[in-house]
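Following: one structure in structure tokens, then a few remarks.
Any read-out appearing in this document is the output of simple, stated calculations on the displayed coordinates, not a laboratory observation. Only a predicted model underlies this, so the values are computations on that prediction, with no experimental measurement involved. So basically every Cβ, Gly included, is an ideal-geometry build from the backbone, and we count neighbours across all protein chains shown.
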Amino acid sequence: MPKALMIRPDEVRRAGEVAFSPIPVNQYAKTMADELDRFAAEDLIRIYRDMAVIRAFETMLHEVKTQRGYKGLPYDHRGPAHLSIGQEASAVGQAFLLGVDDHIFGSHRSH
């Protein structure tokens, strides 16, 4: 946190509440057929391809970390590798629907 940012305990610890509209929970009820009608076959193939590429890349990273190399090529990576194997659909699905004016901001693990 920057030293120039003044934090006044009497203000930040003042009692209050956060109010917002209700958040829908467990209300998604579409079928696979409903969803398939929303996308062109070419888009679905591209989405699958992107998920497969991410899985292959992360599998390679896992092998580098656990076996200190990949397919006979030695590489000793001693740094972190926060893998997201099994979460490819989340990344690809979000990216697929991004527009040119959209932005993505990472968290502390986005390194």
Task: Distance in nm between pseudo-label sites at A91 and E17 (7 Å out along the Cβ direction from Cα) - done: 4.1
Task: Among R49, R14, R68: highest mean-square fluctuation, GNM of the chain, C-alpha pairs under 10 Å - done: R14
Open item on the list: Of the listed values (i) 86; (ii) 108; (iii) 252, identify the label whose number matches volume of the Cα convex hull per residue in Å³ calculated from this model.
Closed with: (iii)
- [ ] Identify, among H62, L73, T31, the residue whose Cα sits farthest towards the positive end of the charge dipole of the stretch 29-96, taking +1 on the Cβ of Lys and Arg and -1 on the Cβ of Asp and Glu, with the dipole about the Cα centre.
- [x] L73
Task: Within a Gaussian network of the chain (alpha carbon springs, distance under 10 Å), most fluctuating of M32, M60, M51 - done: M32
Open item on the list: Can you compute the modelled spin-label distance between A52 and F39, with each label point 7 Å from Cα toward Cβ, in nm?
Closed with: 1.4
Task: GNM result for the chain, Cα springs below 10 Å: residue of V53, V18, V92 fluctuating most strongly - done: V18
